[in-house]
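One structure is given below, represented as structure tokens, and several questions about it will come after.
Each value in this text was obtained by applying a stated rule to the coordinates, not by laboratory testing. Just so it is clear, the structure is predicted and the values come from calculations on it, not from any experiment. Virtual Cβ from ideal backbone geometry, glycine too; neighbours counted across all protein chains shown.
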Amino acid sequence: MDLKQLNAFIAIADLKSFSAAASKTGLSQPTLSRLLKQLETDMGVELIDRYHRPLHLTEAGAFFYDKISAILTEIDTVTSMTQRLSAPSASLNIGFVPSVLYGLLPEVIAKLKQSNPDIEVNLKDISSYQQIDALKSGEIDIGFGRFAHQDPWIQQILLRHERYLVALPKAHPLADSDEQRLIDLANNRLILYHQTHLPISTTAIPVKPSNDQPSLEPVTEPLLHLFAQYGISPFMTTTVSDLQVALGLVAAGEGITLVPASLKTVRTEQIVYRRLLHENATSPIYLHTLKDFIHPKIPDLLGAIYQVYERRGITYRKQSFTSQG
Ligand code: BEZ
């Protein structure tokens, strides 16, 4: 069994056709057919049922496909990490979710550039969950997001918890009080905006704000999860694609939402931001990087983050990386 045979099998299984697999791989149909036949002969197992169209996997083939595609992805990750280890890129590619861009990210980068004037930084807007694949493929070197992840390749540092504020239209009756309770918000339409950031797989987990360790509960939308912790279910919700749209709807008087405190300067002509009374109504900020390969500039970046926190009087717990490449 070799990699060529395995890649041929995956391409045929993915595309359910020898001709489509041939155009994708650049191999001829007879070559693909021969590679698949050799694999099946080596294993003594029929993997693909060739007698029906479109082609489909046999039961054993479906099992093999699941397991072997995970292994091939790991091989790609290891190959890309090894290449990066031998020649680390001079530039630092940073993935981020929009809410951290409104917060301290620009200041952190300015601080990093003070101590590394020649550094080239590239910023990429990527959801928390997509950051994990982007780290493995080498598209980014570090990711800032708001969800914890359990992945054997990834290490995470919890940077801090940021208080949620409630965003209300300026004319809302509750806008007059400085502090709000979740129970008093329950009669409003709550605008949810985390949909595109939620994971497809069940390995990602939500975070209990009261505890630095991720819990093993199934993922729920974070704002609903927060209300549920107080036994409250908002009477109506609307789900939108992102934070900006959510704030647009609040500005238009369509409902209310909760946002991390960094957002408090956005659309202030139409929106007021009020504190929540509950101390555990917070959104975490995580730094994610690969476990086995840390870009040489990342320790400086973490140092820049802590310097910004100190300058602003933000409470944090200093952490370091478990290994360095
Ligand atoms: C923060 O707001 O704590 C933060 C945002 C981006 C990068 C690092 C920290």
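I'd like the distance separating the alpha-carbon centroids of the range 248-304 and the range 31-108, in whole Å.
Here the answer is 32 Å between Cα centres.
Just for the Cα atoms in the range 228-325, what are the lengths along the principal axes, largest first, rounded to whole Å?
Result, largest extent first: 50, 28, 27 Å.
Here's something else I'd like to know. Could you work out the helix-only [θ] at 222 nm for the chain, with each DSSP H run of four or more residues adding -39,500 (n - 2.57) and the total divided by the number of residues, to the nearest 500 deg cm²/dmol?
My calculation for the chain gives -12000 deg cm²/dmol from helical runs alone.
How big is the C-alpha Rg of the chain next to the rule-of-thumb value 2.2 N^0.38 Å, as a ratio?
Working it through for the chain, the quotient is 1.22.
Here's another thing I want to ask about it. First measure r as the distance between the Cβ atoms of Asn116 and Ile183, then evaluate 1/(1 + (r/R0)^6) with R0 = 51 Å and state the FRET efficiency to the nearest 0.05.
Rounded to the nearest 0.05, the efficiency is 0.60.
Then there is this: Give me log10 I(q)/I(0) at q = 0.14 Å⁻¹ for the range 269-325, Debye formula, one equal scatterer per alpha-carbon, no solvent.
Debye output, listed in q order: -0.59.
Within the chain, which complete DSSP H helices have Cα atoms spanning at least 24 Å along the helix axis and a mean Kyte-Doolittle hydropathy of 0.5 or higher?
none
Can you give me the distance in nm between label points at Asp49 and Thr268, each placed 7 Å from the Cα along the Cα-to-Cβ direction?
It is 6.5 nm.
Then there's this: Long-range amide H contacts for Ile48: which residues qualify at under 5 Å (H placed 1.01 Å from N, peptide plane, sequence gap of 5 or more or a different chain)?
When sequence neighbours closer than 5 places are left aside, the close amide H contacts are Thr58.
So if R0 is 51 Å, what FRET efficiency would Thr31 and Ala261 give, r being the distance between their Cβ atoms, rounded to the nearest 0.05?
0.30
Can you list residues whose amide H is under 5 Å from Asn188's amide H, if they're 5+ apart or on another chain and H is modeled 1.01 Å from N?
For Asn188, whose amide H was placed from the backbone, the distant partners under 5 Å are Phe235.
Once amide H atoms are placed 1.01 Å from N in the peptide plane, what residues at a sequence separation of 5 or more from Ser283, or on another chain, have their amide H within under 5 Å of its amide H?
Glu162, Arg163, Tyr164
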